[in-house]
Amino acid sequence: MTENKVFEEKIEGTTNIESYKLVTNDLVREALENDKGQDAQLLSWEIKPFTKKGDNYASIVACIEVKYHKIETEFIDSFVAKINPLRPPNFDIMEIYAREPVILSSIIGGMDKQLANLKLNNIRTPKVLSRNNEKGKEVFIEENLRNQGFKMHNRKIGLDLNHSLLVVNEIGRFHASSILFEEEIYPKTLSETFPDFKCILLSHLRLNILTTTKHGKYSVTSRYTSKRNWMDPELSSFEILSSLFTEGAEKARNFAQKAGPKYEKGEKWLSKPSQEIINIYFDVFSPKKPFDVLIHGDCWTNNMLFK
């Protein structure tokens, strides 16, 4: 019988013990067999914290340490689990927890085939080894890239030119291969080809330009009306998102101002009214040919690993 242990993790006064319970023996066993082969026998596993306060992930990220038996030898290894944090039901970004495993497995799998046809390397992402996409119980287990020598860069320092070029080049490959993949599945779209991905596309890309009513409220013209989402002005999460954009623009403007006259043009652009800044953000989320590509959506330092 497989033994498992759950170590309680506390972040900012809350406990992740309930989220950890979403990781099951079956999911861990499936991950192990997909990684090590069907003859790998799971002996025990432990789930432990993998991140620290300030890493700022929307999901719970945990380490799963496994002991297993294979070819008459006992081994120890580890995986990474990304888990629904089980926030209150009225928290408006619950839908995002199903997005990543669909992209990492089904979508990027198709993109990698296009790159292979051109004798190019795969998109550099971790392998998804098992997943549960049941609503409210979302969790997936992937390979632990720390075991291969990868590590997170200090977000407070910023990337140098060489590392920045690595990121930009990889994002470019991501965009380009998504176009090749969509050309292969044409006339179907990604949402038609992958039903699990459909609601994500509809909800994530439905907003066009925000306007302000005479009462100072936001209104929006929608491409899709079947599903509300975390970028909907009527939801509480929109205020959080709006503050994030406007505060970010203000900090960038202050930096440009202190950096000297050569950034004067950038400073002037960043001095736009907050509503206009938000409008620009939502405008770029509306697909437009010829730049209608699958994007990363959250390209920042803590979502990258280097070695």
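The values are calculated or read from the model by the stated rules, or taken from the named source; none is laboratory data. Everything numeric here is computed off the predicted structure, so don't read it as measured data. Every residue, glycine among them, receives a Cβ derived from its backbone with ideal geometry; neighbour counts consider all protein chains shown. All accessible areas refer to the heavy atoms of the entire protein, side chains included, with ligands and DNA or RNA removed. Shrake-Rupley method; radii C 1.70, N 1.55, O 1.52, S 1.80 Å.
Among the residues of the stretch 111-143, the one identified as open to solvent by 20 Å² or more (accessible area, probe 1.4 Å), small (Gly, Ala, Ser) and either touching a helix residue (DSSP H, G or I) at 6+ places or on another chain (Cβ under 6 Å) or under 22 Å from ILE17 (Cα atoms) (or both) is GLY136.
Could you go through the stretch 97-110 and let me know if any residue there is part of a helix (DSSP H, G or I), aliphatic (A, V, I, L, M), without any contact (Cβ under 8 Å) to a residue 60 or more places away in the chain and within 24 Å of ILE17 (Cβ to Cβ). Among the residues of the stretch 97-110, not one is part of a helix (DSSP H, G or I), aliphatic (A, V, I, L, M), without any contact (Cβ under 8 Å) to a residue 60 or more places away in the chain and within 24 Å of ILE17 (Cβ to Cβ), which makes the answer no. Contact annotation: residue pairs with Cβ atoms under 6 Å, 6 or more positions apart or on different chains, pairing a residue in the stretch 163-182 that is touching a residue at least 12 places away in the same chain (Cβ under 8 Å) and aliphatic (A, V, I, L, M) with a partner that is open to solvent by less than 40 Å² (accessible area, probe 1.4 Å) and not in a helix (DSSP H, G or I), are ILE179/VAL293.
Annotation for the stretch 108-126: no member residue is among the hydroxyl-bearing types (Ser, Thr, Tyr) and in contact with a Lys or Arg (Cβ under 8 Å, 6 or more places away or on another chain). Restricting the stretch 179-201 to residues that are at pLDDT below 90 and of a type in the set (Ser, Thr, Tyr) leaves a set whose member that is least open to solvent (accessible area, probe 1.4 Å) is SER191.
Annotation note: Cβ proximity below 7 Å between a residue of the stretch 38-62 that is of a type in the set (S, T, N, Q) and a residue that is part of a strand (DSSP E or B) and open to solvent by less than 30 Å² (accessible area, probe 1.4 Å) (sequence gap 6+ or interchain) occurs for GLN41/TYR68; THR51/VAL61; SER59/ILE83.
Among the residues of the stretch 128-148, the ones that are in a loop (DSSP other than H, G, I, E, B) and over 19 Å from THR51 (Cα atoms) come to 5 in all. Every residue in the stretch 234-269 that is at pLDDT below 90, surrounded by 14 or more Cβ atoms within 10 Å (Cβ to Cβ) and among the small types (Gly, Ala, Ser), please. Scanning the stretch 234-269 gives SER237, SER242, ALA249.
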